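What follows is a set of notes on a single structure, which appears directly below.
The values are calculated or read from the model by the stated rules, or taken from the named source; none is laboratory data. None of the values given here were measured: they were computed from a predicted structure. Glycine gets a Cβ as well: all are built from the backbone with ideal geometry, and neighbour counts include every protein chain shown. Quick note on the areas: whole protein, heavy atoms, side chains included, nothing else; ligands and nucleic acids left out. Shrake-Rupley method; radii C 1.70, N 1.55, O 1.52, S 1.80 Å.
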Amino acid sequence: MKTITMDITNALADAVDVNGIDAAEFTKTLSTISDYYAKLLAKPFAFMTLPSTKFQFDEMQALADKVAAMDIKNLVILGIGGSSLGTQTIFDALLHPLHNLEERFRDGRPRYFILDNIDPHKMAAIVETIIPDIDRTLLVVISKSGETPETISQFMLFNELMRKSAGYQQRIVLITDKEKGLLNKIAVRESYPVLNLPEGVGGRFSVLTPVGLFPAALMGLDIKKLSAGAAGMAAHTVRYDGEENMAFVLAAILYLMDKKGKNIHVAMPYCERLAGFADWFRQLEGESLGKKGLGPTPTKSMGVTDQHSQLQLYVDGPKDKCIILFYSATQEVPIPASFDYLEDVQYLANKDMKSLFHAEFQGTRLSLTQAQTPNISLVLDEVSDYNMGALFYLFEMVITLMGHLLGINAFDQPGVEQGKIYTKAMMGKKGLEKEKEHTETLLLRRAKTIVF
């Protein structure tokens, strides 16, 4: 079995002195987590049961098989935040990096377009791209409530475009709440196929539901292995305790780092296939824990690219960061001997990119540690469906445990709701007339501006 190895050495005080975790405090925090987790097992959060329940697996596979017979060229996914980041992460990790560019890399699978923004320029470009093949386009709309302004506005646009092609009803799939919401009303009226989110699973914890798994199934990926990876990590979390439990240890370190003022958590993959995972992590940690004036600030860097833009800050700037490094590389690309008249490049001759990539990763770890910047490393033997499922579950569990330590409800997002109300009011939603008046008053306040 291919594995994930986590190295916490460089987050401890023995390696980075006062910027690291004290052993006694670490042990105490692990004990607190262990006690909480024992209680949690008796009444688990809904996401924790997904690997065992395999929610709507049969329905997903049956619908994916039906779609496979339709000769689909374009897969358009409408969703934002937790409704899109998980799918993007899976596609980045498990599809060919140039999947959309050439048919030979797609192996008969469709191109995909994940519309997680309503920027008009990009929206127009996507419409222009798919219109010639609208009759070979599959639309997947993901929203728990169906009331997200961005997603429902996109759906209004694409629904009318799809209507112009025969058999369009079978090429629009909705993923939404099982009973409530606007998308359910639309599905009944329009006879669109529907998949659901399980009760109690919010958007940012939904990657292992039809939200992330159905698009994966459409691309021919093995959703059973994704789920098996999550089940494996769930079993690990139950089986081991204290310093042998990956979720407990990572939660304790990130919590204690935040407590010590290392409240900027940088996800830095040395693996472009994990770039999407860093984005997924940003939402998971930021939206789950950023409440009541508390919570770390998650951010993203890319190795090796950001060695040349951010590493200076991480090494020599304020000691307010903890770096979470991810590494995986299996492909060997030889570096041939060349420029034999330049002695300064001969150390690279007849080596390979994999070795160089690993040296860059280790060099960053060493430079961070020497500068007493705490860092953690997670090394994947392979970026596989199994390991991705395990990573998803690991970090969902970590954030849940951190929420308990911080005294925060990790499953709501009150700070997001006010912006939605302002948006709907400005767009003229009925019932928000007072909010619209208030919004207009705020916008009419004298602003200090500079115009070029």
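Quick notes
- Total residues in region 408-425, condition over 30 Å from Pro296 (Cβ atoms) and either modelled with pLDDT of 90 or more or of a type in the set (Lys, Arg) (or both): 1
- Odd one out for Gln56 among (1) within 23 Å of Glu199 (Cα to Cα); (2) in contact with a Ser or Thr (Cβ under 6 Å, 6 or more places away or on another chain): (2)
- Test: Ile72 is surrounded by 14 or more Cβ atoms within 10 Å (Cβ to Cβ) and assigned to a loop (DSSP other than H, G, I, E, B): yes
- Considering only residues in region 3-30 that are polar (S, T, N, Q) and touching a strand residue (DSSP E or B) at 6+ places or on another chain (Cβ under 7 Å), the one that is most open to solvent (accessible area, probe 1.4 Å) turns out to be Thr5.
- Conditions (1) part of a helix (DSSP H, G or I); (2) under 28 Å from Ala93 (Cα atoms); (3) in contact with a Phe, Trp or Tyr (Cβ under 7 Å, 6 or more places away or on another chain): number failed by Val345: (2)
- Residue tally, condition among the hydroxyl-bearing types (Ser, Thr, Tyr) and open to solvent by less than 20 Å² (accessible area, probe 1.4 Å), over region 254-298: 2
- Conditions (1) out of contact with any strand residue (DSSP E or B) (no Cβ under 7 Å at 6 or more places or on another chain); (2) surrounded by fewer than 24 Cβ atoms within 10 Å (Cβ to Cβ); (3) of a type outside the set (S, T, N, Q); (4) under 27 Å from Met388 (Cβ atoms): number failed by Gly212: (2)
- Restricting attention to region 144-175, the residues that are polar (S, T, N, Q), touching a residue at least 24 places away in the same chain (Cβ under 8 Å) and open to solvent by 30 Å² or more (accessible area, probe 1.4 Å) add up to 3.
- Pairs with Cβ under 7 Å, 6+ apart, first in region 424-441 and assigned to a loop (DSSP other than H, G, I, E, B), second hydrophobic (A, V, I, L, M, F, W, C): Leu432/Ile421; Leu432/Ala425
Listed here are the residues, each with its yes/no results for (1) closer than 24 Å to Val333 by Cα; (2) modelled with pLDDT of 90 or more; (3) assigned to a loop (DSSP other than H, G, I, E, B).
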{"position": "Phe361", "(1), (2), (3)": "yes, yes, no"}
{"position": "Gly389", "(1), (2), (3)": "no, yes, no"}
{"position": "Thr449", "(1), (2), (3)": "no, no, yes"}
{"position": "Phe452", "(1), (2), (3)": "no, yes, yes"}
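- Which listed residue is buried (at least 17 other Cβ atoms within 10 Å of the Cβ) and more than 25 Å from the chain's Cα centre (by Cα), from Ala187, Ala231: Ala187
- Among the residues making up region 310-335, those that are without any contact (Cβ under 8 Å) to a residue 60 or more places away in the chain and assigned to a loop (DSSP other than H, G, I, E, B) are Gln310, Gly317, Pro318, Asp320, Ser328, Ala329, Thr330, Gln331, Glu332, Val333.
- Of residues in region 299-309 being in a loop (DSSP other than H, G, I, E, B) and not small (Gly, Ala, Ser), the one most open to solvent (accessible area, probe 1.4 Å): Val304
- Assessment of region 32-49 against the conditions (surrounded by 20 or more Cβ atoms within 10 Å (Cβ to Cβ), within 22 Å of Lys262 (Cβ to Cβ) and either out of contact with any strand residue (DSSP E or B) (no Cβ under 7 Å at 6 or more places or on another chain) or without any contact (Cβ under 8 Å) to a residue 12 or more places away in the chain (or both)) yields at least one matching residue.
- Test: Leu325 is open to solvent by less than 20 Å² (accessible area, probe 1.4 Å), modelled with pLDDT of 95 or more and aliphatic (A, V, I, L, M): yes
- Identity of the residue in region 404-435, within 28 Å of Val201 (Cα to Cα) and charged (D, E, K, R), that ends up most open to solvent (accessible area, probe 1.4 Å): Lys429
- Residue in region 76-99 that is buried (at least 17 other Cβ atoms within 10 Å of the Cβ), within 30 Å of Lys321 (Cβ to Cβ) and charged (D, E, K, R) present: yes
- Residues of region 109-125 satisfying the condition of being more than 21 Å from the chain's Cα centre (by Cα), open to solvent by 20 Å² or more (accessible area, probe 1.4 Å) and in contact (Cβ under 8 Å) with a residue 24 or more places away in the chain: Arg109, Met123
- Scanning region 363-387 for residues that are open to solvent by 10 Å² or more (accessible area, probe 1.4 Å) and assigned to a helix (DSSP H, G or I) gives Gly363, Arg365, Leu366, Ser367, Thr369, Gln370, Asp385, Tyr386.
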